[in-house]
Amino acid sequence: MKVVLADYSGFCFGVKKAIDMVYDKTSRKTEGAKLFSLGPLIHNQQVVNELEKKGVSVKDDISAITDGSIIIRSHGVPQEVYEKARSNSLDIIDATCPFVRRIQNIVKDYCQNGYEIVIIGNPKHPEVIGINGWCNYKSYIVSNEEDVKDVPYSKKLCIVAQTTIPVSHFNRITELLKVKGDKVEIFNTICNATMERQDAARKLAKEVDAMIVVGGYHSSNTQKLVEICRAEKPNATFHVESVDDLVEDDLKDFKVVGVTAGASTPQWLIEPLIEKLKKI
Ligand code: F3S
């Protein structure tokens, strides 16, 4: 079997930075020091398990952490989390992706300058919850065309996007929102890494017999890659978390197989999978 890896796949810049920061911290961790991640560091159970072995415990709520260090993951967190951490004298390891930090700063500035804020994205996604926390939780979160009607007309409107939404979705919604204010500032804050991975997956899916998408079953960017590949290869797209999930029988009839991986999938999960595929 011939295996082709997508031009862009696996860890994005922000996730790599977060992982490097945490591995660096764990390597210097002294005996008994407490290290907590506020939510799983990335949507990849294998990485979370590996970090747990290195002493990183996952806590969902900062109130449950009374001492030690907390890791803020690449999705970022609301502003108040920093205040709580400081008031509890916690050491903060801030792995917020700089692209997410930029959005937090935009909504903070524009909110302080009297703008209503609209975030185009999933209201349940931690990144969006975090951004909303930088404008006093007063933003309108628009996930689809239907939600636009809930955004009232205002004098000044500032629009940002969750980093991982498709650009076509962003364009459709901003077109509808443009008429909702006298002055409308639009920031396309979608991250290139997402688009690069999606475009590369689409391109590769057109060229091969089957696609394997490697990444967490709960990772939204991985699920999106699966969706894109399925649009090209409805009966020949397989989503796996690791090499262990590969079913050889499903793949034996394909000659050329493409591989892509979500932005939270480490190289050490992708490589053994490629090696196994080559042997089929
Ligand atoms: Fe950052 Fe983009 Fe990754 S926003 S965390 S580099 S997908």
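Tell me, which strands (runs of 3 or more DSSP E) lie completely within segment 1-69 with 1 or more residues that are under 23 Å from Glu83 (Cβ atoms)? Even if it seems obvious, please write down each step before you answer.
Numbers: elements: 2-5, 35-38, 56-59.
Counting at least 1 such residues, we get 35-38, 56-59.
Suppose we keep only residues that are away from the ligand (no atom under 13 Å from the Cβ) and buried (at least 20 other Cβ atoms within 10 Å of the Cβ) within segment 63-77. Which one would you say is farthest from the chain's Cα centre (by Cα)? Working first, answer last.
In the first step, residues of segment 63-77 are kept if they are away from the ligand (no atom under 13 Å from the Cβ); the result is 63-71, 77.
Among the residues that remain, those that are also buried (at least 20 other Cβ atoms within 10 Å of the Cβ) are: 70-71, 77.
Values: Ile70: 19, Ile71: 16, Val77: 13 Å.
The residue in question is Ile70.
Could you tell me which of the residues Pro152, Pro123 is in a loop (DSSP other than H, G, I, E, B) and within 22 Å of His43 (Cβ to Cβ)?
Numbers: Pro152 fails: within 22 Å of His43 (Cβ to Cβ).
After applying the criteria, what remains is Pro123.
Which numbered condition in (1) within 14 Å of the ligand (Cβ to nearest atom); (2) crowded, with 17+ Cβ neighbours inside 10 Å; (3) not hydrophobic (A, V, I, L, M, F, W, C) is the only one that Arg102 fails?
Of the numbered conditions (1) within 14 Å of the ligand (Cβ to nearest atom); (2) crowded, with 17+ Cβ neighbours inside 10 Å; (3) not hydrophobic (A, V, I, L, M, F, W, C), the odd one out for Arg102 is (2).
Please indicate, with yes or no, whether at least one residue in segment 38-57 is within 23 Å of the chain's Cα centre (by Cα), under 17 Å from Thr163 (Cα atoms) and not hydrophobic (A, V, I, L, M, F, W, C).
Yes, that holds for at least one residue.
Is it true that Ser9 is farther than 20 Å from Pro98 by Cβ, within 16 Å of the ligand (Cβ to nearest atom) and either surrounded by 13 or more Cβ atoms within 10 Å (Cβ to Cβ) or touching a residue at least 12 places away in the same chain (Cβ under 8 Å) (or both)? Break it down into steps so the answer makes sense when it comes.
Details: farther than 20 Å from Pro98 by Cβ: yes; within 16 Å of the ligand (Cβ to nearest atom): yes; either surrounded by 13 or more Cβ atoms within 10 Å (Cβ to Cβ) or touching a residue at least 12 places away in the same chain (Cβ under 8 Å) (or both): yes.
When the stated conditions are applied, Ser9 passes them.
None of the figures in this text is laboratory data; all of them are computed from the coordinates on show. Note that the structure is a prediction, hence the values are computed from the model and not measured. A quick note on method: Cβ atoms are made from the backbone with ideal geometry, for glycine too, and the neighbour counts reach across all protein chains shown.
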